[in-house]
Amino acid sequence: MRRKKLVVGNWKMNGRIAQNEALLRDILTGVKDLKKADYVACVPYPYLAQAQQLLQGTNLAWGAQNLCADENVALTGSVSPYMLTDYGCSYVIVGHSERRIQFHETDDTAASRFNSAQSAGLTPIFCMGESHDERDSDWTEYIVGRQLDSIIRRFDVSVLSHAVLAYEPLWAVGTDNPATPTQAQEVHEFMRARIARCDKEVAKKVRILYGGSIQPKNAAALFAMPDVDGGLVGRASLNAAQFVEICKQANE
Ligand code: 13P
C-alpha cells in the first residue's frame, strides 16, 4: 500500500500575530500546487483563529500542539478537544517529549489525550521516542514499544487507523543531530511490525512520521525509507523556504 506522505510543522512556542501571516502565506504559496502529500501547521493556541482565517479552503491544514483530555471542568489554563474543533483544527500533537518531560505527562495521560482527541474528531499525532541514554543502553525498542502499547492495550489497535504516529528520538529533537535514514527506518519498521502483530491492515495504513532535526538537506533521504511516511518538523517549519522545500521532498 502506498501511504500518502504527511509533513507537519510544529511551531512550538514561536510566532507573533504580526509575523505569522507572512509565514503562512509564503508556505501556502509554496505548497498550493503540491498534490501528492498532506501538509499541516500546528500553531500555538492563540493563533488558531488566525490560522483558520488564512488557511480555510486551502491544502494546508492546521492543528494544535496539545490538548486536555477533559471537557467543561474546573481546570484552569487547559484547552479541551472541542475548543480545538471550534477553530477548525484537524490535527493535534499528543505526547510530545517536551510535554512528557517538562509537564510530567505519562503514557497514561498521553493515552487519555489521544482518546479525547479522537472522540472530538481530531486526528492525534502521537509522539514516541527514546533518550540518548536509553539508546545507548539498547532500550529503544523497549521504550517505543511501551509507548505504542499504551494506546494499543488501553483501547484497541483499530484506533490507529485514525491516527498518525511520530518517532521523535529525544537526542535528535532540537539538536543538529538527526537520526540517519537507516536509524529512523529501523524504529519505524519495528513499530509497524508491532502493530501488524495485532492487525496487518492497520499496520499497512498508519502513517509514521519521523521528527528530529529535519532540514531540507536530509528530508529526501529520510522520506525515501519505506516506513517513513513524512516528517514532524520543528525549527525548519518557522522558515517558509525551508518548510516548503521539505514539503516538496514529500511530494516527490
Ligand atoms: P526540530 O525539528 O527543531 O528538531 O524539532 C522536532 C520536533 O520536536 C517536532 O515536533
Using just the alpha carbons, could you tell me how many Å³ per residue the convex hull of the stretch 1-101 encloses?
124
Using only alpha carbon pairs under 8 Å that are at least six residues apart, calculate the relative contact order of the stretch 139-252 and give it in whole percent.
27
Given an 8 Å cut-off on Cα distances and at least 6 residues of separation, report the relative contact order of the stretch 1-120 as a percent.
22
Given Cβ charges of +1 for Lys and Arg and -1 for Asp and Glu, the option among 183, 143, 18 whose Cα lies farthest towards the positive end of the dipole of the chain is 18
Cα centroid separation, the stretch 1-47 to the stretch 202-250 (Å)
12
Ratio to report: Rg/Rh of the stretch 123-252, with Cα atoms as the point set and Rh obtained by the Kirkwood method; give two decimals.
0.96
Estimated dipole of the chain in Debye, rounded to 20 [Cβ of Lys and Arg +1, of Asp and Glu -1, Cα centre]
780
Quick one: what Rg and Dmax do you get for the stretch 1-54 from the alpha carbons, in Å?
12.4, 42
Relative contact order of the chain, defined on C-alpha pairs under 8 angstrom at six or more residues apart (%):
23
Mind checking which of 81, 124, 226 has the largest fluctuation in a GNM of the chain, springs on alpha carbons under 10 Å?
226
Would you please give the residues with an amide H less than 5 Å from that of residue 123, counting only those at least 5 places away or on a separate chain, with H modeled from the backbone geometry?
91, 92
Around residue 207, which amide H atoms from residues at least 5 apart in sequence, or from another chain, sit under 5 Å from its own amide H, with H modelled in the peptide plane?
165
Length gained when the stretch residue 142-residue 177 is fully extended (0.36 nm per residue, less Cα-Cα span)
10.4 nm
Given charges of +1 on the Cβ of Lys and Arg and -1 on the Cβ of Asp and Glu, with all other atoms neutral, how large is the dipole of the stretch 152-252 about its Cα centre, in debye to the nearest 20?
260
The extension gain from residue 70 to residue 197, computed as 0.36 nm times the residue separation minus the Cα-Cα distance, is 42.6 nm
Before rounding to the nearest 500, sum -39500 (n - 2.57) across all DSSP H runs of length at least 4 in the chain and divide by the residue total; then give [θ] at 222 nm in deg cm²/dmol.
-13000 deg cm²/dmol
Please give the contour-minus-distance gain from residue 101 to residue 35: 0.36 nm per residue of separation, less the Cα-Cα distance, rounded to one decimal in nm.
20.1 nm
In nm, to one decimal, how far is the residue 131 label point from the residue 3 one, both placed 7 Å along Cα→Cβ?
2.8
Output for the chain (equivalent-ellipsoid semi-axes, sqrt of 5λ from the C-alpha gyration tensor, Å, descending) is 25, 22, 17
Positive dipole terminus of the chain, leading residue within 80, 239, 27 (C-beta point charges)
27
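Bear in mind that the values in this text are calculations on the coordinates, not laboratory data. In this text, all values refer to a predicted model and were calculated from it rather than measured experimentally. Using ideal geometry, Cβ is built from the backbone for each residue, glycine included, and neighbour counts are taken over all protein chains shown.
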